[in-house]
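Report on the structure given below.
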Amino acid sequence: MQITPARYRTIAIGALVALSAIIITGAAVRLTNSGLGCDDWPNCNSQSLIDVSSKHAAIEQVNRLFTGIVGVAVILAVLGSIWRVPRRSDLTWLSIWLVVGVVANAVLGGISVLVDLHPIAVQGHMLLSMMLITAGSVLVRRAGEPDGVPRRRTVSAPTERLVWLHFVIVSIAVVTGTVVTGAGPHAGDENAERLSIAIPTAARMHGVTVLLSIAVALLIAWRIRSVDADRRALMTPLSRWIGIGLAQAALGYIQYLSDVPELLVGIHILGATLVMIATTFLLLDTRRAELPDEAAARPDGVPSRPTVV
């Protein structure tokens, strides 16, 4: 069996969509207090593998079903990379790591149930999901690049360093966001343990990291305004990030001031997923696969020698 590069990129996009969807279904489990609707793993309970006798059990079962769909999606990404013509080892390894991550996250999800949704376990479950979102975004980008073409830096070195700083700060903001979740009211079960940190303190810590990420994004925008090559490479992904980031920050403050209603929290988690995707693509846009004649035609002074990452 053989598939084209374009078809493989569609498979990679499908895997990223599935990885995003499982985050939303997982949030639905937590926000409806269905985290212990199935109190065993991999069985729903000690009597049966599948149990939909209650609303909480049914919601948890749907989430576990989505885990299976995600597993199929990432396995298809591995098989597709093998069947792709021409075959590329970077795509195969990236897709294999997705499979490893999904299996690890399924096990961590099971551990979360077995430890009665301890906030540290739930926090790790979410952070690993975000790492998979980053890896899935890289796979989508790499799958869309031409074969046999080295990646070259498309921006100046100072701008690239700023974008890396931005990626790190956004990642920290995601971590502090899970701290807020671990201390907040939506535990997944009414009796689940919470982190011993005051919610206002956790929210302020998260808010600071979010504002820092926005400030660095604006600093990047200010810098690239006077560097043509940087502006051409980053203006579109940076504008997209700023739009999503500002909307996500505003939603965070609204949900906090309105006593964190479940619907807004769910939308905020979707926003966090989109922020992570946009952040990853922004970083990836600092180095792109570029033909030598394209690099030579750029009057920007950026080094055109191949830089493989």
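Okay, here's what the table says:
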item	result
Residue satisfying all of: in region 196-217; over 16 Å from residue 243 (Cβ atoms) and either of a type in the set (Ser, Thr, Tyr) or in contact (Cβ under 8 Å) with a residue 60 or more places away in the chain (or both); surrounded by the fewest Cβ atoms within 10 Å (Cβ to Cβ) among these	196
One residue from 247, 202, 229 being assigned to a helix (DSSP H, G or I), small (Gly, Ala, Ser) and within 29 Å of residue 153 (Cβ to Cβ)	229
Filter result for the condition that a residue is in contact with a Lys or Arg (Cβ under 7 Å, 6 or more places away or on another chain) and either farther than 19 Å from residue 180 by Cα or small (Gly, Ala, Ser) (or both), over 278, 250, 272	278
Unique match (being small (Gly, Ala, Ser), buried (at least 16 other Cβ atoms within 10 Å of the Cβ) and either in the same structural domain as residue 194 (by TED's automatic domain parsing) or assigned to a loop (DSSP other than H, G, I, E, B) (or both)) among 124, 37	37
Hey, residue 81 within 20 Å of the chain's Cα centre (by Cα), of a type outside the set (Lys, Arg) and not assigned by TED's automatic domain parsing to the domain that holds residue 228 or not	no
Top-ranked residue in region 239-263 [being crowded, with 17+ Cβ neighbours inside 10 Å and more than 23 Å from residue 281 (Cα to Cα); ranked as modelled with the highest pLDDT]	255
Residues satisfying the stated conditions in region 63-78, i.e. surrounded by 15 or more Cβ atoms within 10 Å (Cβ to Cβ) and without any contact (Cβ under 8 Å) to a residue 40 or more places away in the chain	64, 71, 75, 78
Test result for residue 153, under 23 Å from residue 231 (Cβ atoms), basic (Lys, Arg) and touching a Lys or Arg at 6+ places or on another chain (Cβ under 8 Å)	yes
Count of region 107-118 residues which are of a type outside the set (Asp, Glu) and either at pLDDT 90 or above or not in a helix (DSSP H, G or I) (or both)	6
Some residue of region 161-174 being closer than 19 Å to residue 31 by Cβ, out of contact with any Ser or Thr (no Cβ under 6 Å at 6 or more places or on another chain) and modelled with pLDDT of 90 or more	yes
Positions within region 149-185 being without any contact (Cβ under 8 Å) to a residue 40 or more places away in the chain, more than 17 Å from residue 134 (Cα to Cα) and surrounded by fewer than 17 Cβ atoms within 10 Å (Cβ to Cβ), in sequence order	157, 161
Among (1) touching a Leu at 6+ places or on another chain (Cβ under 7 Å); (2) among the β-branched types (Val, Ile, Thr); (3) farther than 15 Å from residue 159 by Cβ - the single one residue 224 does not satisfy	(3)
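For every residue, the table says whether it meets (1) modelled with pLDDT of 85 or more; (2) within 22 Å of the chain's Cα centre (by Cα); (3) surrounded by fewer than 18 Cβ atoms within 10 Å (Cβ to Cβ).
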| position | (1), (2), (3) |
| --- | --- |
| 3 | yes, no, yes |
| 11 | yes, yes, no |
| 55 | no, no, yes |
| 104 | yes, yes, yes |
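The values are calculated or read from the model by the stated rules, or taken from the named source; none is laboratory data. Predicted model, so just to flag it, every value in this text is computed and none were measured. Please note: Cβ atoms are built from the backbone with ideal geometry, for glycine as well, and neighbour counts cover all protein chains shown.
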